[in-house]
Structure formats: structure tokens, C-alpha cells
Amino acid sequence: MRSPDYSQLENKKIICLDMKSFYASVETSLRGWDPFEVPLAVVGDANRSGAVVLAATPALKEKYNIRTADRLYQIPENDEIIIVEAQMELYLNKSAAITEFLSNFVSPEDIQIYSVDESWINLTPYCHSIKKAVQLSYKIKKHIFKKFDLYTSIGMGPNMFLAKAAMDIEGKKSGFAFWDYKDVQAKLWPVEIKKCWGIGSKMEKKLKKIGVFTIGDLAKLPPDYLEKKFGIIGRQLYDHSWGVCRSELDSLSSNIEKSIGRGITLYRDYKKKEEIEIVIFELAEIISERAVENKFVGRTVSLSLSYSYKENTAGFSRQRTLEKPIFLTQDIFNTACMLLKENYRKGFSVRKIRLNMSNLTDVNKFNEDLFQKKEKHMVINRLKYQLNQRFNYQSLFYGLSLKKGSIYNRIHSTIGGHKK
């Protein structure tokens, strides 16, 4: 077991910023409450006992041991506990405002969004010492609280992985944590593998089968053995166990969308091909609208279907790359239907459908000849988009969305499967 030569590695000043109990904290802030005092849960649907808890305030976690991913029925019936339904649009708008606010401290090129409530920020260009980086971190924390009334947790390290690990394992409890390479064996190695970022439940089971229970156990295995057993991810796991991370920050300014997609879990099994096609068409509409809004065209269409558990088979995921780029609903739909025809097992029950368009390019890079034959469809799409933007999504829609199996109302009134 040989330690890496850390002197040969980059030693940046990266922070991982997490908005503490984000959804729940936004809700308490709206009401002028303290999330450390008021036990509040955010759920997807307050009328369903099996609804998932999307967020819980620190007070609810500490006093009642209710956490994210618990169910509504697990929350004790107590007048002290507040239950609210998720407002996804509000949270996304708040997240965007916070990201924009961060640009007061660093350039957008030094910010990478990880999720709606978490980001990496490179402080290296602004701080020549660890002391200065710590001071700037606390300044960011202070001003976010002052501006948005929201608490944050920060982890800082020489790379993205150690910053994330420091935040997850120590920073969430203390508010701020700094880990350096010299802290790896004392702080990272004792951590159970299931608590380490990048190790999911499936990988956890595989690792336990070979006697790996902690990050330290992982670090003691030969890297070649891990790579042979798990592929490139095995090498990455070994690097992480020593605090090494070769990933670079993917900045906001360079973070052009790589794909546009939308998926849905159906409320019932869909067996009829006609109903499946209706869902695909409505997903294609969403993708087309986003492409128009962001001025993208794409060449690759991907379709994924997950069958019901009754079928004892997973489903399929296939893609097709076209010679010419597309962006209209009908073109996306037609391509997806070809994939459906080639791969769907007739009569099988479908429970999840996902549609993606990738291989994206800025529409301005193409001349008008590409779109002249599509003018009629473009006028209809443009009119529909403008009316729905001005009024609501029910202003103008295709008759197909009136048929049995349509998910039109559902996908336009939810974000991430939850009410807007």
C-alpha cells in the first residue's frame, strides 16, 4: 500500500456549498420561522399517506428522527409538526437566484452547479492562502443568510471530491469543514462506504462481498485489482479512497446543455401501443419547446422504456443519430416511434418512459435552407408556444392530448414529478 505523491497533485481551494434542508428552509423562511426551531416537512402530496418526505427541517430531524425519503405516514400526529406540499417552481427560482448571487463573489466560470441545492466553487483565483479562502467561505455563508434567510454548509478541500466529502461528513454538522490531503487517513478512511459520495447501494453490496466496509479498506486494495473488477469506476474509487480527484470544475459559462430530456413514471401500466405513443408525443412536445426556448437543434434521439415488475424484464434504452438536426415535435416523435417499433415487445406493460434529444448545436450555426421545408410546422409550434407562455399550457394543445393515456396536464403542472 503506497501513498500517492501529493506534491505532484493540484492543490486548489475548492468549496462545496450546500443549502441546508433547502426545500424545508425555504418554506420556514417564507413564514418567518427558524428551521432549527420549527419541525416542518415538505411532501409531494399531503393527501397520500405514502407520499415521500422531500425535505425536513433540522428541528424535525433532531426531535422526531424524520428524514428525507421517509414517508408521510411515518410522521407522528402532533400539532407541533407542520406539513406542507412542495412548491418546485419556487425552489428552482430560489436556487437560480442564489447561483446568480454567487457571481458577486466569483466569476461564473468558477461555479459548477451539482444540484438544485448544491454547488462547487473554485476560490483559487481569489485567495492566495487557505486563511483567505476560509474567510471568503464564511463571507459567502454570511451574505447568503442575510440575503435569503437560508443556512448553508460548506466543505473545503484541494479538489472537488475532498471538498464534497468534507461537507457531507463533517460540514453538515459543523457548518464548515476543511480537509487537506494530510487528513485523508484520519478523517476519510474510517467512513463507511455507504456514506461516501459516489458509492451507491449496488456498488456498496459489491464492495462488501470483497470485504470492503470502510474507505480505508478500499485504499488497501491494489488499484489494478479494482480496475479489473469494476472497470474505470474501480480506478476512480481507489483514487477517491486516497483523496485524489482528477475531475475539473465544469463552469457555468461552459456548461452548455448536453441533452434535453423528460421522463415520467406512469400511474398505471400501459400496454396499448397507441397510449404509449401518446405519452411519447407529449414528451416530444416538452423537448421541442425547450429546444426552441434555448435555440438548440439536435441530431440524436434516445428512447427508454421500463417495463412493469410483472414482466420480469427491465425494458430497453435505444438511440438513433440522424444525418440532419431536428427540433420540431413531429420530427422528434417520428424518430422515437421508429425506436419503439424496433424494440418494444408488443403487449408488455410499460411503467416508465423517458425521451432525450442530444448531440445539440446552436440553431444559429445553420442556414435557413434547413428550415424552409418546415415552415408550416414552425408557425404552428411558435404560435402554440407563445399562447401557452402568455396564458397557460391549456390555451392551445393537440387533440391527441384529449385521448385516453394522455399525461398532458400532469407533465405541465409538475416539476420532477411534484406539483409546481
Verdict on Lys187 being assigned to a helix (DSSP H, G or I), over 25 Å from the mean Cα position of the chain (by Cα), free of Cβ contacts under 8 Å to residues at least 24 places away in the same chain and closer than 26 Å to Gln112 by Cβ:
yes
Can you tell me which residues in the stretch 124-174 are part of a helix (DSSP H, G or I), touching a strand residue (DSSP E or B) at 6+ places or on another chain (Cβ under 9 Å) and farther than 29 Å from Ser241 by Cβ?
Leu136, Tyr138, Ile140, Lys141, Ile144, Phe145, Phe148
Do we find that Lys271 is more than 29 Å from Gln112 (Cβ to Cβ) and either surrounded by 14 or more Cβ atoms within 10 Å (Cβ to Cβ) or modelled with pLDDT of 90 or more (or both) in this structure?
yes
Among the numbered criteria (1) touching a residue at least 60 places away in the same chain (Cβ under 8 Å); (2) closer than 18 Å to Ile407 by Cα; (3) under 25 Å from the mean Cα position of the chain (by Cα), which one does Leu303 miss?
(1)
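Answer yes or no as to whether Lys164 is surrounded by 17 or more Cβ atoms within 10 Å (Cβ to Cβ) and within 21 Å of Lys12 (Cβ to Cβ).
Working: surrounded by 17 or more Cβ atoms within 10 Å (Cβ to Cβ): yes; within 21 Å of Lys12 (Cβ to Cβ): yes.
Yes, satisfied.
Does the stretch 82-122 hold any residues that are in a helix (DSSP H, G or I), among the polar types (S, T, N, Q) and touching a residue at least 60 places away in the same chain (Cβ under 8 Å), and which are they?
Taking the stretch 82-122 as the starting set, the residues that turn out to be in a helix (DSSP H, G or I) are 88-102, 108-110.
Still in the running and among the polar types (S, T, N, Q): 93, 95, 99.
Within the stretch 82-122, Ser95, Thr99 meet the criteria.
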Residue list for the stretch 312-353, filter: surrounded by fewer than 18 Cβ atoms within 10 Å (Cβ to Cβ) and assigned to a strand (DSSP E or B):
Phe316, Ser317, Arg318, Gln319, Arg320, Thr321, Leu322, Glu323, Lys324, Lys352
Anything in the stretch 9-30 that is assigned to a strand (DSSP E or B) and under 19 Å from Val53 (Cβ atoms)? List them, or say none.
Asp18, Met19
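Quick grid of which residues meet (1) within 26 Å of Lys173 (Cβ to Cβ); (2) outside the structural domain of Ser153 (by TED's automatic domain parsing); (3) touching a Phe, Trp or Tyr at 6+ places or on another chain (Cβ under 8 Å); (4) modelled with pLDDT of 95 or more:
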| position | (1), (2), (3), (4) |
| --- | --- |
| Val26 | yes, yes, yes, yes |
| Ala41 | yes, yes, no, yes |
| Glu77 | no, yes, no, no |
| Glu80 | yes, yes, no, yes |
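Check the stretch 234-253 and report whether any residue there is touching a Cys at 6+ places or on another chain (Cβ under 8 Å) and within 18 Å of Asn334 (Cα to Cα).
So in the stretch 234-253, the residues touching a Cys at 6+ places or on another chain (Cβ under 8 Å) come out as 239-240.
Next, from what is left, pick out any that are within 18 Å of Asn334 (Cα to Cα): none.
There is no residue in the stretch 234-253 that is touching a Cys at 6+ places or on another chain (Cβ under 8 Å) and within 18 Å of Asn334 (Cα to Cα).
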Tell me, yes or no, whether the stretch 51-69 has at least one residue that is assigned to a loop (DSSP other than H, G, I, E, B), more than 23 Å from the chain's Cα centre (by Cα) and surrounded by fewer than 18 Cβ atoms within 10 Å (Cβ to Cβ).
yes
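The values are calculated or read from the model by the stated rules, or taken from the named source; none is laboratory data. Keep in mind the model is a prediction, meaning the values are calculated, not measured. Because the Cβ atoms are built from the backbone with ideal geometry, glycine has one as well, and the counts that use them run over all protein chains shown.
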